[in-house]
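S.K.: Before anything else, here's the structure in question.
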Amino acid sequence: VVAAGTGMIATGTDLRSWRRADGWGHLLGDCGGGAWIGRAGLEAAMRAHDGRPGGSAALLARAEAVFGPAASLPGKLYPRTDRPAVLASFAPEVAGCADRDPVAARVVEEAAVHIAGSAAAVCPAAEGSLVALTGGLLGIGEPLLAPLRRELAVRLPHARTVPAAGDPLAGALLVAGRLARDALRLPRDPALLDVR
């Protein structure tokens, strides 16, 4: 299961043990997640503002439309306790520019590479393995989904991508309920599945 929203985490099991990739928060990981995309897009905007290579005038225009003058962005962003959510709020803007701006397209494509890499790190090697994608980030649509499908096909040719049975909260509630009733058929793991 790959859960991509503000953050990004992948968990996988062969029904004997669990594997986890990423989910380390916006400072240490969550590579490819919404905060990661938003931060990369805002970095490209600031590069354009400064006149440095790798900047995007399109992303600068969107950043200023959303947050106000570029020079004021650090003062608005750094003190926020909800910084990951604020960064992630810019991910749809990056995706929205991807069809006409090569910098934005590169950010979204790199996000797809990171997400697929995390899926590959946790997916069992057995033929017929399943990969479910869930989370709000997928709502940004084809700018992310098209390169993600391509990357998953290359990295996990033995696996089939399937629709998620629910969102991350529904999955957490289902697992917690089964854990509480001692009816979970998944391997126990004190770091991932534990009732206290």
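The values are calculated or read from the model by the stated rules, or taken from the named source; none is laboratory data. Since the structure is predicted, the reported quantities are computational estimates derived from the model, not experimental observations. Note that we place each Cβ from the backbone using ideal geometry, even for glycine, and neighbour counts take in every protein chain shown. Only protein heavy atoms, including side chains, enter the accessible area calculation; ligands, DNA and RNA are left aside. Shrake-Rupley method; radii C 1.70, N 1.55, O 1.52, S 1.80 Å.
S.K.: Report the residue, chosen from V131, V162, V108, that carries the largest GNM mean-square fluctuation when the chain is represented by alpha-carbon nodes joined by springs under 10 Å.
M.R.: Taking springs between Cα atoms under 10 Å, the residue moving most is V162.
S.K.: Skip the ligands, DNA and RNA, and give the accessible area per residue of the chain with a 1.4 Å probe, whole Å².
M.R.: Heavy-atom SASA per residue in the chain reads 53 Å².
S.K.: Probe radius 1.4 Å, ligands and nucleic acids ignored: give me the carbon and sulfur share of the accessible area of segment 1-159 as a rounded percent. Don't skip to the answer; put the middle values down first.
M.R.: Details: 4350 of 7460 Å².
The value for segment 1-159 is 58 percent carbon and sulfur by accessible area.
S.K.: Using every alpha carbon pair in segment 132-182, what percent of pairs falls into each 10 Å bin from 0 up to the bin containing the largest distance?
M.R.: Result returned by the calculation: 21, 39, 27, 12, 0.
S.K.: Follow-up. Kirkwood Rh over Cα pairs of segment 101-166 into Stokes-Einstein at 4 °C, 1.567 mPa s: D in µm²/s?
M.R.: 105 µm²/s
S.K.: In nm, what is the difference between 0.36 nm times the number of residues separating E43 and L145 and their Cα-Cα distance? Walk me through the intermediate numbers first.
M.R.: Numbers: separation 102, 0.36 × 102 = 36.72 nm, distance 2.25 nm.
Extra length available between E43 and L145 comes to 34.5 nm.
S.K.: Select from A126, A58, A21 the residue whose mean-square fluctuation is largest in a Gaussian network model of the chain (Cα-Cα springs shorter than 10 Å).
M.R.: A126
S.K.: As I understand it, the dipole of the chain uses +1 on the Cβ of Lys and Arg and -1 on the Cβ of Asp and Glu, about the Cα centre. Which of P124, A95, P157 lies farthest toward its positive end?
M.R.: P124
S.K.: Next question, about the same structure. Per the Kirkwood formula on distinct C-alpha pairs, the Rh of segment 15-115 is how many angstrom?
M.R.: Result for segment 15-115 stands at 13.9 Å.
S.K.: Could I ask something else about it? Return the long-range amide H neighbours of T161 (sequence gap of 5 or more, or a different chain), with a cut-off of under 5 Å between placed amide H atoms.
M.R.: Correct list: V131.
S.K.: If you build a Gaussian network model of the chain, linking Cα atoms that sit under 10 Å apart, which residue out of G166, G55, G96 swings the most?
M.R.: Of G166, G55, G96, the most mobile in the Gaussian network model is G166.
S.K.: Moving on to the next point. Please sort through the DSSP H helices of the chain and keep those with an alpha-carbon extent of at least 27 Å along the long axis and a Kyte-Doolittle average not below -1.0.
M.R.: What comes out of the filter, once short or polar helices are dropped, is 102-122.
S.K.: Determine the relative contact order of the chain: mean sequence separation of Cα pairs under 8 Å and six or more apart, normalised by residue count, in whole percent. List each step's numbers first, then the result.
M.R.: On the way: 335 pairs, mean separation 48.9, N = 196.
Rounded, it is 25 percent for the chain.
S.K.: Calculate the tail of P(r) for the chain: the fraction of all Cα-Cα distances greater than 26 Å, expressed in %.
M.R.: That fraction is 37 percent.
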